[in-house]
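The values are calculated or read from the model by the stated rules, or taken from the named source; none is laboratory data. Quick caveat: nothing in here was measured; it's all calculated off a predicted structure. As a convention, Cβ positions derive from the backbone with ideal geometry for all residues, glycine included, and neighbour counts pool all protein chains shown. Side chains are part of the model used for accessible areas, which takes the heavy atoms of the whole protein and leaves out ligands, DNA and RNA. Shrake-Rupley method; radii C 1.70, N 1.55, O 1.52, S 1.80 Å.
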Amino acid sequence: MRVVQVSVSRASFADTLGAMRAWLDRHNRPLVRFETATEDDTIIIRVQFDDDALGDAFRQEFGVADPG
């Protein structure tokens, strides 16, 4: 399974979620799990996919590093 982690500021959280939702809608919601956590003014979004290729495409779309 592919886990993608995105860190965003609180100010951009809503816009980022909207962009993620639009991406997921275009790809027929291939999401397995979605979590959020906060660290000060940063919100960490973790999205888990059952298909590595879709997870990689999502990671490329949102320009984040693979958390390992």
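With respect to the stated conditions, A57 fails to be open to solvent by 70 Å² or more (accessible area, probe 1.4 Å), without any contact (Cβ under 8 Å) to a residue 40 or more places away in the chain and part of a helix (DSSP H, G or I). In the set A11, A65, only one residue is open to solvent by 70 Å² or more (accessible area, probe 1.4 Å), modelled with pLDDT under 90 and aliphatic (A, V, I, L, M); that residue is A65.
Taken together, the residues in the stretch 19-35 that are under 10 Å from the mean Cα position of the chain (by Cα), surrounded by 12 or more Cβ atoms within 10 Å (Cβ to Cβ) and under 12 Å from V4 (Cα atoms) amount to 3.
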